[in-house]
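Have a look at the structure below, then the notes.
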Amino acid sequence: MIRKISAHYVFPVSSSPIKNGIIVIDENGKILDIENPKNNFVESSGLEFYNGILVPGFVNTHCHIELSHLKGKIKEKTGLPDFVSQISNIRVTDEEIIKKAIKFADKVMELSGIVAVGDISNTNFSFETKQKSKIKYHTFLEVFSMDENKAEFVFEKALKLKFELENLNLSSSIVPHAPYSVSDKLFELIKNESVDSGKTITIHNQETVFENQLFINKTGELYDKLNSIGVNYDNFKISGKNSLETISSKLSTKSKTLLVHNTFSTENDIEKANAYFENLFFALCPNANLYIEDKLPDISMLCKEKQSLTIGTDSLASNHKLSVLDEMKTISQNFPEINFSEILKWATLNGAKALGFDNEIGSLEIGKSPGINLISNFDYKNLKLLKESKIKVIC
């Protein structure tokens with residue numbers, strides 16, 4: 001069955017918005033045509049017309065669906081060192097409770113217009129849900145250990161999970177947790193694997209000011225808190241440089257790399273990262289940044305530097321909702337100089353490119369099956385999101 005879908009505006013993302021545009025799709029949601037009626041718009045038989053704007057399905061490039069059972073259990077605005085400590089104290093719980101929360105979170109994301117997710121996993125708890133889900137997942141198998149002697153053991157555990165995902169026909173890559181939680185030996189194993197696999201690598205980056213402090217002089221709240229929960233920094237070498245510059249060479253220069261949070265990244269950090277990485281993306285998780293540190297990254301600076309930005313929700317341990325639209329609203333409200341079309345690109349096409357799904361999703365183009373979302377309560381005059389903007393999945 002062929003459907004013709006229209007609204008006040010269609011935002012293909014890969015091209016300019018179309019007033020009263022018409023999207024023609026088949027029964028599987030594949031785009032057959034996009035019509036531009038220009039000034040000759042006439043309602044035709046069978047045309048579905050919606051009040052609002054039509055956009056591609058959203059891509060959430062950074063999520064921890066395994067932590068969905070921790071919703072509301074972590075105190076807000078206490079800073080990353082305290083957040084890490086709280087997670088380590090309450091993370092372990094009944095496996096069935098975790099899996100039930102994962103399944104529910106997956107459904108909520110689907111209903112909120114998310115069609116693809118870059119998800120951090122430390123176990124196989126989410127694999128069954130991912131296999132059955134309508135959402136496309138790329139699983140980042142996250143590893144961490146500062147103990148050089150445990151590097152191979154930790155990496156082998158991740159390899160077993162990778163093989164398990166391959167048997168389920170699910171995309172994955174083995175990735176480091178953060179600059180401050182991975183030994184040089186473990187970084188080396190990850191780097192070699194990423195070169196061989198060609199898959200995207202991601203790492204939490206400069207989420208707290210104390211991360212840089214740890215690398216510069218091995219002091220600060222993050223160092224103290226990690227020490228208190230048993231992380232051994234006896235063999236950790238001070239670099240005298242910010243964390244991003246320090247660990248860049250420990251990652252592959254050629255691998256597609258997604259830096260997450262970037263809350264305290266400076267223009268100098270970004271310039272040095274660009275000089276090293278050939279294919280660099282940045283994941284913005286503004287609501288999680290506010291939840292944990294009560295601070296946002298310098299998104300205007302990232303825009304000025306013309307970076308490839310994407311949007312993530314992080315986890316329900318550090319956010320109230322897994323909603324890309326809510327993240328877009330937060331960016332729009334705090335950085336009104338950034339136009340909607342640009343933010344939408346971060347939430348769709350850039351995210352699809354970062355995860356390697358852009359041949360199928362991310363933009364409204366003939367031949368793709370990207371999902372179609374309706375955003376209602378939209379400021380048509382200024383082409384801006386409103387606090388009251390809502391999402392509805394059309395296809």
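Rolling a 1.4 Å probe over the heavy atoms of the protein chains gives segment 1-104 an accessible area of 52 Å² per residue. When a 1.4 Å probe is rolled over the protein heavy atoms, the share of accessible surface on segment 185-303 that falls to carbon and sulfur comes to 46 percent. For residue 384, a cut-off of 20 angstrom between C-alpha atoms picks up these aspartates and glutamates, skipping any fewer than 8 places away in its own chain: 326, 327, 337, 342. Each other residue within a Cβ distance under 12 Å of residue 236 adds +1 if Lys or Arg and -1 if Asp or Glu, for a net charge of -2. Could you tell me whether the chain comes out rounded, prolate or oblate from its Cα gyration tensor? Rule is a ≥ b ≥ c as square roots of the eigenvalues, rounded for a/c under 1.5, then prolate if a/b exceeds b/c, otherwise oblate. Cα axes put the chain in the prolate bin. With the helix formula -39500 (n - 2.57) applied to DSSP H stretches of n ≥ 4, the chain reaches a computed 222 nm mean residue ellipticity of -10000 deg cm²/dmol. Along segment 310-324 the Karplus relation, 6.51 cos²θ - 1.76 cosθ + 1.60 evaluated at θ = phi - 60°, assigns HN-Hα couplings of 9, 10, x, 9, 6, 10, 6, 6, 10, 7, 8, 8, 9, 10, 5 Hz to successive residues, with x for each Gly and Pro. Relative to the longest principal axis of the Cα atoms of the chain, the long axis of helix 95-111 makes an angle of roughly 30 degrees. Taking 0.36 nm per residue of separation and subtracting the current Cα-Cα distance, fully stretching the chain between residue 134 and residue 107 would add 8.8 nm. Of all lysines in the structure, those lying under 20 Å Cα to Cα from residue 218, and not within fewer than 8 positions of it along the same chain, are 185, 237, 241, 250. Would you mind classifying segment 92-171 by shape? Square roots of the alpha carbon gyration tensor eigenvalues, ordered a ≥ b ≥ c; an a/c under 1.5 is rounded, otherwise it is prolate if a/b is larger than b/c and oblate if not. Verdict is prolate for segment 92-171. Helix 184-197 and the longest principal axis of the C-alpha atoms of the chain enclose an angle of approximately 30°.
Kirkwood Rh over Cα pairs of segment 117-209 into Stokes-Einstein at 10 °C, 1.306 mPa s: D in µm²/s?
On the way: Rh = 13.6 Å.
Answer, rounded: 117 µm²/s.
When the chain is treated as a GNM with alpha-carbon contacts under 10 Å, the residue of 47, 280, 325 showing the greatest mean-square fluctuation is 47. Placing a pseudo-label 7 Å from each Cα along the Cα-to-Cβ vector at residue 266 and residue 320 gives an inter-label distance of 3.4 nm. Computed with a 1.4 Å probe on the full set of protein chains, the accessible area for residue 19 sits at about 120 Å².
For a straight C-alpha distance cut-off of 19 angstrom, the aspartates and glutamates reachable from residue 368 (same-chain residues fewer than eight places away being disregarded) are 26, 27, 33, 35, 110, 358, 360.
Let me make sure I get this right: for segment 169-325, a, b and c are the square roots of the gyration tensor eigenvalues over alpha carbons, sorted descending. Under 1.5 in a/c it's rounded, otherwise prolate if a/b > b/c, else oblate. Which is it? Cα axes put segment 169-325 in the rounded bin. For the listed residue pairs 100/225; 256/345; 75/329, the alpha carbons are over 21 angstrom apart in 100/225; 75/329.
Using a probe of 1.4 Å on the protein chains alone, the accessible area found for residue 395 is around 50 Å².
Output the 0 to 90 degree angle, nearest 10, between the alpha-carbon long axis of helix 80-90 and the longest principal axis computed from the alpha carbons of the chain. Once rounded, the angle reads 90 degrees.
The values are calculated or read from the model by the stated rules, or taken from the named source; none is laboratory data. If you're wondering where the values come from, they're calculated on a predicted model, not measured in any experiment. In this analysis, Cβ positions are derived from the backbone assuming ideal geometry, glycine residues included, and neighbour counts consider all displayed protein chains. Accessible surface areas use protein heavy atoms only, side chains included; no ligands, DNA or RNA. Shrake-Rupley method; radii C 1.70, N 1.55, O 1.52, S 1.80 Å.
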